[in-house]
Amino acid sequence: MLLAACGNSNNKEAESSSPEASKALQSSAESEQFEAAVAEYHQFVIGQTDQFVKATQAFVDAVKAGDIELAKKLYAPARMYFERIEPIAESLGDFDPWIDAREGDVPDDEWRGYHKLEKALWIENSTAGHEEIADQLLQDVKQLRVKIESVEITTVMLVTGAVELLNEVSSSKVTGEEEQYSHTDLYDFAANVEGAEEIFKVLQATVEQKNKELADEIVKRFAELDATLAPYRKDDGYVLYTELKEDEVKKLSQAIDALAEPLSKVGSVVEG
């Protein structure tokens, strides 16, 4: 009986130390780590959307009250909550065009959302006749909050989402195209970067385990980008895009590119 018991124990040790068993254990541990990362990020997205509803409510109230100056003050900070989670919102159907379409992105008779009200505030200098647009915006944002509760976030969405946020910066924020009327592009710029950094943070432990050098480089690039953006912070926000000189825009663009390159490798490292 004793010999048999020892034999079973040895077999189990041999099984647990086999390459296949070690690989299975590693895979299980990584799966749990990913699930924890996804759950942590989901809570971040829910928190941002909660704040987005509150900020949009205040913005819409100001628009409907005809308080132009207050609505202008609330506009850019409110949008930052959406910009931080934009890839997730884009995965949920039409919320992105409903909330964030710029003039010309959709047919004129379908255009609604923040940028339509941006034009009313900065170009028309009046919100008269835009009450229905404001109500629709708040309804869309509240509906987004409901959808966010049950959205299924995958690891692939995480790793691609971080890069997509930086692509957003390169394609429309650092060029000044996003906020063509208010010129508050640096708010969106900062929010997109903050959203990408939040994704990296939940994946950082995994990246460090597999490629410490890459993880360290990404942390360094985020810090460099933050330092490049710092001179343009003003009060609780940022200076207008139109205050930037050409060489300053170039430096911001270079800092984004320097971060995007190592960040684009996270997917292959995490999934490898």
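The values are calculated or read from the model by the stated rules, or taken from the named source; none is laboratory data. Bear in mind the structure is a predicted one, so any value in this text is a computation, not a measurement. Here the Cβ positions follow ideal geometry from the backbone for every residue, glycine too, while neighbour counts run over all protein chains shown. When the accessible area is computed, the model is the full protein with side chains, heavy atoms only, and any ligands, DNA or RNA have been set aside. Shrake-Rupley method; radii C 1.70, N 1.55, O 1.52, S 1.80 Å.
Observations on the model:
- Above-threshold pairs, the threshold being 26 Å between Cα atoms, out of 72/147; 73/245; 201/245; 147/201: 72/147; 201/245
- Loop GluC sites (Glu not before Pro), the range 145-179, which have at most 16 other Cβ atoms in a 10 Å radius of their Cβ (DSSP): 152, 177
- Overall form of the range 213-259 per C-alpha gyration tensor (a/c, 1.5; a/b vs b/c): oblate
- Comparing 93, 237, 104 in a Gaussian network model of the chain (Cα springs below 10 Å), the most mobile by mean-square fluctuation is 104.
- Inter-centroid distance (Cα atoms) of the range 137-156 relative to the range 31-75, Å: 11
- Contour excess over end-to-end distance, with Cα ends at residue 128 and residue 106 and 0.36 nm allotted per residue: 5.7 nm
- Other residues within the sphere of radius under 11 Å centred on the Cβ of residue 89, judged by their own Cβ, net out at -4 (K and R +1, D and E -1).
- Cα gyration tensor, the range 89-244 - rounded (a/c under 1.5), prolate or oblate: oblate
- Order of exposure, largest accessible area first, which applies to 61, 140 with probe 1.4 Å: 61, 140
- Solvent-accessible area assigned to carbon and sulfur over the range 114-235 amounts to 46 percent, based on a 1.4 Å probe.
- Accessible area per residue in Å² at 1.4 Å probe, computed on the range 216-272: 59
- Surrounding net charge for residue 214, when Lys and Arg each add one and Asp and Glu each subtract one, Cβ distance under 9 Å: -1
- Anisotropy class of the range 140-192 from Cα gyration tensor, a/c 1.5 cut: oblate
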